[in-house]
1. Around A:A223, which amide H atoms from residues at least 5 apart in sequence, or from another chain, sit under 5 Å from its own amide H, with H modelled in the peptide plane?
2. What lysines does B:K258 reach when the alpha-carbon gap must be under 28 Å and sequence neighbours fewer than 8 apart in one chain are set aside?
3. To the nearest whole number, what is the average tally of beta carbon atoms from other chains within 10 Å of the beta carbons of peptide A:412-425?
4. Could you work out Rg/(2.2 N^0.38 Å) for segment A:4-239, with Rg from alpha carbons only?
5. Express the relative contact order of chain A as a whole percentage, based on alpha carbon pairs under 8 Å and six or more residues apart in sequence.
6. Taking amide H atoms as placed 1.01 Å from N in the peptide plane, list the residues 5 or more away in sequence, or in a different chain, whose amide H sits under 5 Å from that of A:I460.
7. Which whole number gives the average, over all residues in A:399-405, of C-beta atoms from other chains lying within 10 Å of the residue C-beta?
8. Hey, can you rank A:153-163, A:324-334 by average C-beta count inside 10 Å, highest first?
Amino acid sequence: MTEWALEMTDITKEFSGVKALDAVSLRVKKGEIHALCGENGAGKSTLMKVLSGVYPHGTFTGDIRVNGKPVQFRGIADSEASGVAIIYQELALVPEFTIAENVFLGKEPGRLGMISEDEVYQQARKWTEAVGLQRPLSTKVKYLGVGEQQLVEIAKALKKRAEILILDEPTAALSEREVERLLQILRELRSRGVTCIYISHKLDEVLSIADTVTVLRDGRSIATKPVSELDESAIISLMVGRNLDELFPKVTTPPGDVVMRVSNWSVTSAETRRQIVRDVSFEVRAGEVVGIAGLVGSGRSELVTSIFGAYPGRVAGDLEIAGEKVHIKDAADAIQKGIGLVTEDRKKQGLVLGMDIRKNITLASLRRLPGTIAIHDAEEIQWSEKLVRDLRIKVPSLEVAVSALSGGNQQKVVIAKWLLTHPKILILDEPTRGIDVGAKYEIYQLMNQLTQQGMAILMISSELPEVLGMSDRILVMGGGRIQGELKREEASQEKIMHLATRGQ
Amino acid sequence: MSMNQPELNAVTKVPLKQMLRVNLRTYSMIIALFAIWILFTATTNGIFLTPRNLSNLFEQSAETAILAVGAVLVIVAAQIDLSVGSLAGLTGGVATICQVWLKMNAVESIVIALVLGVLLGLFQGWWVAYQNVPAFIVTLGGMLVFRGIVIGLTNGQSISPLRDGYVAIGESYVPPMVGIVLAVLAILGYAYFLIRRRQTRRNFGFAVRPIASDVVLFIVIAVVIGVFVYVMNAYQGIPIPIFIVLLLALLFSFIAAKTRFGRSIYAIGGNLEAARMSGIPIRGRILSVFALSGLMAAICGIVLTARLDAGTVDAGTNFELNAIAACVIGGTSLMGGVGSVTGAVIGAMVMGSIDDGMSLMNAAPFWQYVVKGLILIVAVWIDIQSKRRQAA
């Protein structure tokens, strides 16, 4: 027998030529809590998807051993059979089913397809007690809080005889008390020999619960160290720290007049009734790139979608565009007032994938297109062709569906769409997510050109080097508030991380 | 923007192969339609291809085709309208009641039927767009409600006779001479359209298609128009219902392909979120789509009752399913965002041809259902297969 519960060696995974994981190795001892740290996009989630069989054997290279035995997972069922269970940020429970039914989902005891209710409830008790869940087992899961739902997930995993439990950002949506309880339960499970891989941004939690920490950066494993040798700043400097200068062709433009002023902006989610953005005030000037940094869930995207009039929730606060007080009720309004928003998820919110490039580019400018009854074809082609040329979008023809383009070119189509609306302020939410280095560079150059022409840019990014490399000023958000503002000269990854984790 | 890029972008070159591929789906449907015709011509000793039969076939496809034209927009917007069959029955029934019981003239009763169709379409659209009730539910409810109203209004009797001017909509023909004049005008109009397009493209500095390809296109269309009118005239002329279908198809093709409204419908069905974020007024658009669908149901109801010269309780039963099937066979995706009016009309003709051909073969009526059902499944399967091959 080996001392390792899990050995992943030289895992390499590519997405259409971009290496998401580059020879990553991860070794986890039996019965330890092993924290996996890294910035957004460092490869943590990809690595866990490789481990859980979401990316089946053969779609990546490298070697996985569980308890010393080599394994080849074709799907999640295989990894579960080997005792690997993953609990995602988005929980995978059936809300209309009871706790007991969820614990046994897909594995209901009984004969000939008839579920034995008695057995379900009897056996479920054993597992829910193990995770300290004190609720009647007949409670529907939809009535549970997020923390309790998580416990149901863990009970479900234990019931499947999971020996390696993977928790992906388990505390992102939990209150402080729930976090405490979860950590306590994980410690108890550890004492019973369950191995746990703990993915978290929250370094204080990592330090308090983990035995060992592995840090990923840019798809590589940077270091694996016992927690006793680490402190918060040591982990942060492992997570960041790379050479930025060549990647970012930043040209600074002297800022002009204030283009957008946001005052006392607060946003309450319609679903959870939680306040997601609290009393945020800032301004963006012509020719300026203002970066917004912060962890996932810090309220950045909600802030910008609510400014754009597209957030389904209660919004309070004042907004001024070019010195004029405006009230924006929907996207059409925002476009008309001169706001453009390149959304975070280009496939879900940015593009109509089945439509051709021309129609995608003009989609937000339909009203401004020439033509009284019919859209004037030739002019439309000319407008979009100019943008395709200016942005160097590589396309076989304008009539090709955008789904056929690479990620970088798709992103440029989204940006083209917004430039065609002639915005005064362009908001970029994760403008370079999932695109290759070359296309990133071109988008940075484009940002320079736009600011030189006097456009104001507000950029959200989870990639710290990008924020540092391209912003004139950086607002750091945490817990829905602006935790601090850093000037370009004084900003550093460490300072941003310290501010960002402060609100958590 | 002031970026200069010396190289000419590839955009200006629109390869012919590309254009052909875009229309592949429409072509394959036309080919399938001809294949069906050849098959039936062979199995019926040529009766199928006689002008008389073709005239009947077109006329019988007309009602499905009218509904299908409206259904395309609904389905492209990722909605569904199950009520159009009942609504056709209701609007047609009201038109006959207006004439027979209320002694109104043809025009008055038509206007009332059309207005009623639009209002009931708006009513359903309001539930979908503003109250967020799924279209499937709203229109399933509408289907029951409208049928119930027809039964209640008519007391289960059929209502006739109708006014001559009204009946003419369903039963008369465009006089042969007028048909020829229209054909010539259509051919000239198409030539003008092609020349105009070449000119604009040249003025804007775009690459123009090789003249030969436009000439071939022109000849094909001219021959199709010519043969169509010739064959119809060989019987009694173009049936008025077919004429209505052609006008509506032309109008709705234009709306779908060329207008802002049409564009926004495709965007809504293709990606609702992206459409919303691009400032498209989603609710208003969905409301309009249902209003148009109601209008088409009313037109269908008028044509139907005029052809039968009576209002009946079960008029339009199951028409909605035929219309949806016609759309799907014609390449409209139930997921939304994809579909064409031309395809839907061809789909309606495929279904009509099967009904007609099989009854000519003296096949028992049940076979029509079986064959149409299988064709529906196979048409969608072929589509999925070809997409998968493209993706690979």
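1. Here the answer is A:V215, since their amide H atoms fall under 5 Å of that of A:A223.
2. Excluding near neighbours in sequence, the set is A:K337, A:K347, A:K348, A:K359, A:K386, A:K394, A:K412, A:K417, B:K13, B:K17, B:K387.
3. 1
4. Working: Rg = 17.9 Å, N = 236, 2.2 N^0.38 = 17.5 Å.
Against the empirical 2.2 N^0.38 Å value, I get 1.02 for segment A:4-239.
5. Details: 1011 pairs, mean separation 74.4, N = 504.
Across chain A, relative contact order equals 15 percent.
6. Amide H neighbours of A:I460: A:I292, A:L428, A:D429, A:E430.
7. 2
8. On the way: A:153-163: 21.8, A:324-334: 15.9.
Result, highest mean first: A:153-163, A:324-334.
Just so you know, all these numbers are worked out from the coordinates, no wet-lab data involved. Computed from a predicted structure; not experimentally measured. Cβ sites come from the backbone with ideal geometry, for glycine too, and all protein chains shown count toward neighbours.
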